[in-house]
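Just below is one structure, and these are the notes that go with it.
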Amino acid sequence: MKIQKKDIRSLTKEQLQDFFISIGDKPFRGKQVYEWLWKKGVHSFNEMTNLSKETRKKLEEAFVINHIAVDSIQKSNDGTIKNAVKLFDDLVVESVLIPTKTRTTACISSQVGCSLDCKFCATARLKRMRNLNPDEIYDQVVAIDKESRLYHNRPLSNIVFMGMGEPLMNYNNVLKSVEKITGTEGLAMSPRRITISTSGIPKMIKKMADDGVKFNLAVSLHSAIQEVREQIMPFATKFPLPELLEALQYWYRFTKRRITFEYIIWKDINDNQEAIEALVSYCKKVPCKVNIIEYNPIDDGYFEKAENVSTEKYVSVLEKNRIPVTVRRSRGKDIDAACGQLANKTNS
Ligand code: SAH
């Protein structure tokens with residue numbers, strides 16, 4: 001049987017130093033290798049030119065360097081770019097670059113497929129294959145940053161965990177990737193420019209607050225009426241709205257950062273007065289803002305985007321109640337890169 005070599009990128013700097021000590025070499029080699037892997041992003045041991053041939057061979061015998069490969073790039077008319085990213089085991093995830101006048105945002109994936117079952121989301125149709133490793137999440141950001149510089153002449157300014165997967169169901173790896181993204185040995189980006197979007201898992205939201213994370217939190221609410229939410233997001237039976245609210249209040253108490261509620265308005269589902277009032281009452285219980293997202297059809301037929309007048313109604317009632325609200329136009333629709341449309345055929 002072939003022995004599976006360990007992925008060297010799963011080691012911390014300290015573990016790399018220990019490896020060199022264990023083979024009778026100097027610990028500072030660990031730091032050198034760490035820099036090659038993270039700062040310089042090499043994909044082979046031969047490129048580590050300040051190591052002797054013999055050392056490189058020892059590394060080769062003990063480890064592999066797993067890395068992603070951008071398999072294909074699709075460009076939308078509006079400047080949005082979608083990457084299909086191949087992982088070391090040939091599974092594929094997608095990440096998206098969204099440019100606006102003032103920002104370039106990377107929308108990245110945290111899982112291959114998704115564990116949840118939101119009825120309106122294309123990714124939910126893929127079963128969850130596996131969690132992404134921290135380096136696979138980090139690599140997506142590096143790839144998008146390069147594209148941002150190449151096609152838009154500016155570095156990446158923001159990151160949203162709104163691609164495939166539920167970030168809080170891969171919490172440890174997401175956290176490790178954020179450490180790399182924000183660390184000086186990685187991209188040194190401010191955590192304030194990073195947003196984790198979750199379908200709303202109360203226990204994990206409290207854990208993030210306890211862990212003192214510095215990034216922003218967005219919650220896909222879509223309905224503040226429990227029965228309606230359960231119909232469109234069946235897992236919500238396990239996480240009732242009052243429990244979610246309690247976790248969000250806890251988050252705010254510890255972080256002092258307001259939550260963003262993501263909200264899609266559908267015809268005959270939540271385009272009525274009762275739904276608006278429920279949302280307003282929910283929002284009044286925790287500092288928040290509402291981001292109304294345009295629905296991107298996924299050829300289901302059941303869900304239909306509400307009329308513009310419904311969106312206007314929501315906006316006016318929220319504003320009247322002094323709840324900040326923005327309406328987000330969808331981007332990259334022509335290349336299936338918009339929210340909820342990520343469902344790479346390769347994995348299905
Ligand atoms: N699992 C996380 C992150 C991935 S989904 C979460 O639920 O937040 C990112 C956002 O896209 C969520 O707000 C989700 O509700 C939204 N979304 C899913 N399907 C969509 C669709 N067809 N059209 C528009 N937004 C969609």
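Remarks
- Lone qualifier among Ile264, Ile276, Ile323 - being modelled with pLDDT of 95 or more, within 13 Å of the ligand (Cβ to nearest atom) and open to solvent by less than 20 Å² (accessible area, probe 1.4 Å): Ile264
- Qualifying residue in the range 223-230 (condition: surrounded by fewer than 23 Cβ atoms within 10 Å (Cβ to Cβ), in the same structural domain as Gly79 (by TED's automatic domain parsing) and closer than 30 Å to Lys13 by Cα): no
- Residue check for Glu185: surrounded by fewer than 15 Cβ atoms within 10 Å (Cβ to Cβ), of a type outside the set (Gly, Ala, Ser) and in a helix (DSSP H, G or I): no
- In the range 190-213, residue nearest to the ligand (Cβ to nearest atom) [restricted to those that are in contact (Cβ under 8 Å) with a residue 40 or more places away in the chain and open to solvent by 20 Å² or more (accessible area, probe 1.4 Å)]: Thr195
- If you go through the range 110-142 and pick out every residue that is touching a strand residue (DSSP E or B) at 6+ places or on another chain (Cβ under 8 Å) and within 9 Å of the ligand (Cβ to nearest atom), you end up with 4.
Rundown of residues vs (1) touching a Ser or Thr at 6+ places or on another chain (Cβ under 9 Å); (2) without any contact (Cβ under 8 Å) to a residue 40 or more places away in the chain, yes/no style:
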position: Leu245; (1), (2): no, no
position: Thr255; (1), (2): no, no
position: Tyr263; (1), (2): yes, no
position: Asp268; (1), (2): no, yes
position: Val280; (1), (2): no, no
position: Lys285; (1), (2): no, no
position: Cys288; (1), (2): yes, no
position: Asp299; (1), (2): no, yes
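- Candidates Phe235, Phe239 - the one that is within 15 Å of the ligand (Cβ to nearest atom), of a type in the set (Phe, Trp, Tyr) and under 12 Å from Leu221 (Cβ atoms): Phe239
The values are calculated or read from the model by the stated rules, or taken from the named source; none is laboratory data. Quick caveat, the model's predicted, so the values are computed rather than measured. When we count neighbours, we look across all protein chains shown, and the Cβ atoms used for this are built from the backbone with ideal geometry, even at glycine. With ligands, DNA and RNA removed, areas are computed over all heavy atoms of the protein, side chains included. Shrake-Rupley method; radii C 1.70, N 1.55, O 1.52, S 1.80 Å.
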